[in-house]
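Asker: After the structure tokens below, expect a handful of questions from me.
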Amino acid sequence: MQRDFTDLELLYELEPVVEENVHRHLGVTKDWNPHDYVPWSEGKNYKALGGQDWDPEQSKLSEVAKIAMITNLLTEDNLPSYHREIAMNFTMDGPWGTWVNRWTAEENRHGIAIRDYLVVTRSVDPVELEKLRIAQMTSGFSPARTARTSPSRRACSTRWST
């Protein structure tokens with residue numbers, strides 16, 4: 001017989017699978033550090049420290065690459081909001097807690113590497129980047145708000161069947 005699950009019920013049903021896979025993931029994870037992926041030798045001071053302001057001619061990225069990198073960074077910056085949404089529904093001492101805490105830490109590393117890369121290589125305007133980041137984090141992420149404002153989100157099923 002088929003049973004319908006809510007999203008939350010489905011996530012609870014998946015807990016044993018999450019536990020198995022989070023342990024597998026942690027067992028094969030290779031540690032890394034964001035600073036290892038930033039070409040620091042390409043950096044130079046900005047005007048506040050006696051250098052020069054950013055100029056669009058300094059960027060080596062295409063417009064598409066800039067948009068992709070900024071969008072990715074803004075997504076990474078919203079981690080506190082995503083973490084809160086997940087943490088509100090699960091205890092932090094179970095498999096989902098282990099997963100969300102590790103995921104949050106890992107995604108934060110991505111944000112550090114991307115931001116530092118963009119600023120050090122002068123790929124984007126650092127002042128505009130910070131304005132975007134502040135605006136994004138100030139507005140945050142809310143599934144309820146997204147569901148109310150996004151027709152595609154409303155079209156997505158909120159029930160799963162097994």
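The values are calculated or read from the model by the stated rules, or taken from the named source; none is laboratory data. Just so you know, these numbers come straight off a predicted model, no measurement behind them. Ideal geometry is used to build each Cβ from the backbone, glycine not excepted, and the neighbour counts take in all protein chains shown.
Asker: Given the condition part of a helix (DSSP H, G or I), of a type in the set (S, T, N, Q) and either at pLDDT 95 or above or touching a strand residue (DSSP E or B) at 6+ places or on another chain (Cβ under 8 Å) (or both), answer yes or no: does some residue in the stretch 53-70 qualify?
Answerer: yes
Asker: Residue by residue through the stretch 1-29, note down the ones that are among the basic types (Lys, Arg) and either closer than 19 Å to GLU85 by Cβ or in a helix (DSSP H, G or I) (or both).
Answerer: ARG24
Asker: Residue pairs, Cβ under 8 Å, 6 or more apart or interchain, first in the stretch 74-97 and in contact (Cβ under 8 Å) with a residue 60 or more places away in the chain and more than 18 Å from GLY111 (Cβ to Cβ), second surrounded by fewer than 15 Cβ atoms within 10 Å (Cβ to Cβ) and of a type in the set (D, E, K, R). List them.
Answerer: Here the result reads GLY94/GLU15; PRO95/GLU15; TRP96/GLU15, each pair linking the stretch 74-97 to a residue that is surrounded by fewer than 15 Cβ atoms within 10 Å (Cβ to Cβ) and of a type in the set (D, E, K, R).
Asker: Given the conditions (1) farther than 15 Å from VAL120 by Cβ; (2) surrounded by fewer than 10 Cβ atoms within 10 Å (Cβ to Cβ); (3) more than 19 Å from the chain's Cα centre (by Cα), and given that PHE5 satisfies all but one, which numbered condition is not satisfied?
Answerer: (2)
Listed here are the residues, each with its yes/no results for (1) more than 15 Å from TRP103 (Cα to Cα); (2) aliphatic (A, V, I, L, M); (3) loosely packed, with under 15 Cβ neighbours inside 10 Å; (4) out of contact with any Gly (no Cβ under 6 Å at 6 or more places or on another chain).
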site: PRO16; (1), (2), (3), (4): yes, no, yes, yes
site: VAL22; (1), (2), (3), (4): no, yes, no, yes
site: LEU26; (1), (2), (3), (4): no, yes, yes, yes
site: ASP36; (1), (2), (3), (4): yes, no, yes, yes
site: GLU42; (1), (2), (3), (4): yes, no, yes, yes
site: ASN45; (1), (2), (3), (4): yes, no, yes, no
site: PRO56; (1), (2), (3), (4): yes, no, yes, yes
site: LYS60; (1), (2), (3), (4): yes, no, yes, yes
